[in-house]
Amino acid sequence: MKKFLYISLYFLSPLVLAGLLISLNPNKYSNMTWLTSMLLGVYAYTWLSWQFVISARPKFIERIFGMDHLYRVHGVMAIVSLVFVAIHRYMNLKVFSESTLTNIGQIAFIIFIAVSALSVVLMATPAILERILKPIKSVTTRIGILKYRSLKLIHNISTAALVLVLIHVLMTSAVENSLPVFVGYMSYFILASSFYIYHKVIKLWVASEDRHKITGVTQEAADMWRIDFEIDDDFYFMPGQFAFFRFASDKSRELHPFTISSSPTEQGQMSITVKELGDFTKGIGNIKPGDEIIMEGPYGRFSYLNYPYERQIVFIVGGVGVTPALSMIKHMADTHESRRVLLVWGVRKKSDIIRVDELTQAMRSIPNLKIIPVVSDEPDYQGEKGYLNKYMLSRMLDKSGISMYSAGYYLCGPSPLMKSAGKILKSLRVPKVLVHDERFSL
Ligand SMILES: Cc1cc2nc3c(=O)[nH]c(=O)nc-3n(C[C@H](O)[C@H](O)[C@H](O)COP(=O)(O)OP(=O)(O)OC[C@H]3O[C@@H](n4cnc5c(N)ncnc54)[C@H](O)[C@@H]3O)c2cc1C
């Protein structure tokens, strides 16, 4: 119900402004060209403002849609809004000559286009463009330009574009003639800038007060580190959720998302497992017990507790994508889960299998838990080898006594694994409602 309300608000809210503009000048907007151009402009303005609300990841919205869905909507709707701006501009330039008003709008449009293009190419590359854009991404990564951190900073320039768009709309004659229209435009701007300030300043400041003492730093595999830290006993999160973290000593103050790999049943302590990848994660081994970690969260909907009706549970994960499964399995062990549970875990080498003791202990507490590693890069491995395929999965489900169409599937890991697992489940005709995924990129 809430989901429906938010979606309706998103799609219908521009109509308030549009209605005001039409009531102010009904004759003008009886002309289809004027009406279309105005609607496109108003929709683009309001939706671009909403982008600032969405990207501030407010918890009351994130709880309903999930963070990765929010960010995907953010990306898609930013592009849709810019297409609307382009058509609005094209239609208006046919009627109006160039002026300060049109030029300001033009500059804002160029900034938005540049920021969006950089984001699509290097930051949140959509799956369909991945193959084409991969070479560009690998070159920029290799020579160290336009790193994720710099791209995030560049993304902030879109606030300047929003200010220019505000100036552009405030210069229109409709605003001069109507206080309600002025209030309408300003409300959206105030909404967008409040969420932006909340996200970039207030939330970071509040988070920086939420410090936790690190109690352990352990190398779990060649490139994976476990960080243990203290947490208040009453801190609530669901197994499988993630939070944003940074170390108090980190000068960049940038928060990074990591799944909480411990369970809420382990009171007073929490852990994350971090794979070395880029600037921030490469330095993880230098962190020492006694240092402080700063946390903002929790977030996410990727928890088996959200789907209590599922009769069995299957985790299909790859590499460090096991972290949410670790948290959920530990929770299941501590709450005496009786359903059948299967963990299919793709790793390159046997040595990438972490938390062996914890999982062995969980197998003692959950009688129906089965763990099957699938090792891809060790031909001599005595067990499942290669990459998961549909025959392998069907066999594993059969052997574990899991009925394919009544289990919930939890997918997490590198993008090729997620894609292939998604395809396998589709080819086995597993209903979409039973498939849940968590992507490790936003
Ligand atoms: C929901 C979620 C859960 C995650 N859980 C884990 C986990 O349990 N263990 C683990 O090892 N990794 C996890 N990650 C991935 C982890 O956040 C990135 O590997 C890490 O931020 C990389 O930072 P870097 O500076 O070392 O690498 P970079 O080379 O700077 O970035 C590599 C990639 O990481 C992502 N990334 C980097 N910085 C951020 C940021 N501030 N916010 C969002 N994404 C960022 C981007 O996709 C980027 O392309 C998770 C990611 C998400 C979205």
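A few notes on this one:
- Averaging the sequence gap over all C-alpha pairs within less than 8 Å and six or more residues apart, then dividing by the number of residues, gives the range 208-297 a relative contact order of 41 percent.
- Under the convention that each Lys and Arg Cβ holds +1 and each Asp and Glu Cβ holds -1, the size of the dipole of the range 208-297 around its Cα centre is about 320 debye.
- FRET efficiency, 1/(1 + (r/R0)^6) with R0 25 Å, evaluated for Val356 and Glu276 via beta carbons: 0.80
- Taking label points 7 Å from Cα along the Cα-to-Cβ direction, Lys288 and Ile110 give a separation of 5.2 nm.
- Here the chain exposes an accessible surface that is 62 percent carbon and sulfur, computed with a 1.4 Å probe and the other protein chains kept in place.
- Contact order normalised by residue count of the range 2-207, Cα under 8 Å, 6+ apart, percent: 28
- C-alpha long axis of helix 2-12 to longest principal axis of the chain, angle in °: 30
- Extension gain, Ser441 back to Arg63 (0.36 nm per residue minus Cα-Cα distance, nm): 134.3 nm
- Net length gained if the chain between Tyr309 and Asn31 were fully extended (0.36 nm per residue, minus Cα distance): 94.7 nm
- C-alpha long axis of helix 14-24 to longest principal axis of the chain, angle in °: 10
- Taking 7 Å steps out from each Cα toward its Cβ at Ser394 and Leu428 produces label points 1.0 nm apart.
- Relative contact order of the chain, defined on C-alpha pairs under 8 angstrom at six or more residues apart (%): 13
- The chymotrypsin sites (Phe, Trp or Tyr not before Pro) of the range 375-406 that DSSP puts in a loop, and whose beta carbon has at most 16 other beta carbons within 10 Å, are Tyr381, Tyr387, Tyr405.
- Cβ-based charge dipole, the chain, positive-most Cα from Met77, Pro308, Ile54: Met77
- Total charge dipole magnitude, the chain, about the Cα centre, Cβ charges on Lys, Arg, Asp, Glu only, Debye to nearest 20: 1340
- Across the options Gly216, Ile354, Tyr29, the greatest Cα extent toward the positive end of the charge dipole of the chain (unit charges at beta carbon of Lys, Arg, Asp, Glu) belongs to Tyr29.
- The range 169-312 - accessible surface per residue (Å², probe 1.4 Å): 47
- Taking the DSSP bridge list for the chain and keeping only pairs wholly inside it, about 50 percent are antiparallel.
- Crossing angle, helix 390-399 versus the chain [Cα axis fit, 0-90 degrees, rounded to tens]: 50
- Here's the picture: charge each Lys and Arg Cβ at +1 and each Asp and Glu Cβ at -1 in the range 208-297, and of Phe258, Gly285, Pro239 the one pushed furthest to the positive end of that dipole is Gly285.
- Most simply put, the range 250-371 has about 10% antiparallel DSSP beta bridges, counting only bridges with both residues inside it.
- Only the Cβ atoms of Lys and Arg (+1) and of Asp and Glu (-1) were treated as charged; on that basis the dipole of the range 2-207 about its Cα centre amounts to roughly 860 debye.
- Inter-part distance, the range 229-291 to the range 412-442, computed on C-alpha centroids, equals 26 Å.
- Of the chymotrypsin sites (Phe, Trp or Tyr not before Pro) found in the range 248-356, the ones in coil according to DSSP and having at most 13 other Cβ atoms within 10 Å of their Cβ are Tyr309.
- Under 13 Å from Lys330, Cα to Cα: aspartates and glutamates that are on another chain or at least 8 residues apart: Glu266, Asp357, Glu358
- Taking 24 Å as the straight-line reach from the Cα of Lys200, the lysines in range (excluding those fewer than 8 positions away in the same chain) are Lys59, Lys147, Lys152, Lys251.
The values are calculated or read from the model by the stated rules, or taken from the named source; none is laboratory data. Keep in mind that what you see is a predicted model, and the values were worked out from it rather than measured. Glycine gets a Cβ as well: all are built from the backbone with ideal geometry, and neighbour counts include every protein chain shown. These area figures cover heavy atoms from the full protein model, side chains too; ligands, DNA and RNA do not enter into them. Shrake-Rupley method; radii C 1.70, N 1.55, O 1.52, S 1.80 Å.
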